[in-house]
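Take a look at the structure below.
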């Protein structure tokens, strides 16, 4: 595998242009992200847990499941893929192995957070943190483990439990430990959002959770403030959930459903999104070689 997707991500974060980063919880959504012209995607741990396991984002996903899904997504797109690796699945030694496995699976970057295990969604209450120095050691282990230049993103969840300044201090420590990107989770006002780039010099990600604790920021605002990435981790999942509920409710109530309902993608569009025309072309190519 070439490293072009890693270099492409590095170019994106260095622009500091508030580039939208959509979340994808499966390979089909990754295809949609690429088809719509986005420059990168985020394998969302919350989305994967919700969609694949049907449970809340409370630390139920394991490393082998995450590696499998990273490989599936890498198999259908050349876009940069940032993988949410939660707490790294253990201590610094575990993080070392997690990084190696996810890099081999095709991750362009991984995200590590400073919550204690089992973690919680960043916009849930009741989060517990590990010590700042322990998290810094995890970041150093991650940078030591990578072999192809995969980027390391460090997330702090300290805002909720320790306050804004303590979270800033942690972010600065993680930057010093070698994180390539800093993810300051759940700032609670525009004033807090604006203050983050004044302290942290590394490229920054801002997470917009629809219905969460952080005010919505436009791409233009994110760029003006100096953020590299504007994450919408589960907009696609929430849209898919609403669409599924609407289509199946119509089927239940009416006894049938078709493309004229406006609730379904067409059969043709479905096949286009899974690249069936390309597979048909390969079938013809290889069949002609046998004749």
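Before we move on, is residue 115 in the same structural domain as residue 68 (by TED's automatic domain parsing), modelled with pLDDT under 95, touching a strand residue (DSSP E or B) at 6+ places or on another chain (Cβ under 7 Å) and under 21 Å from residue 49 (Cβ atoms)? So residue 115 passes the test. Counting the residues of the range 145-204 that are closer than 16 Å to residue 133 by Cβ, surrounded by fewer than 22 Cβ atoms within 10 Å (Cβ to Cβ) and touching a residue at least 24 places away in the same chain (Cβ under 8 Å) gives 8. In the range 247-270, the qualifying residues are those that are in a helix (DSSP H, G or I) and surrounded by 14 or more Cβ atoms within 10 Å (Cβ to Cβ), and the one that is nearest to the chain's Cα centre (by Cα) is 247. If I filter the range 120-128 for residues that are touching a helix residue (DSSP H, G or I) at 6+ places or on another chain (Cβ under 9 Å), farther than 14 Å from residue 155 by Cα and modelled with pLDDT of 95 or more, do I get at least one hit? No, the range 120-128 contains no residue that is touching a helix residue (DSSP H, G or I) at 6+ places or on another chain (Cβ under 9 Å), farther than 14 Å from residue 155 by Cα and modelled with pLDDT of 95 or more. The lone criterion from (1) within 19 Å of residue 87 (Cβ to Cβ); (2) modelled with pLDDT of 95 or more left unmet by residue 200 is number (1).
The values are calculated or read from the model by the stated rules, or taken from the named source; none is laboratory data. For clarity, every value in this text was computed on a predicted model and none was experimentally measured. Backbone-built Cβ (ideal geometry, glycine too); neighbour counts: all protein chains shown.
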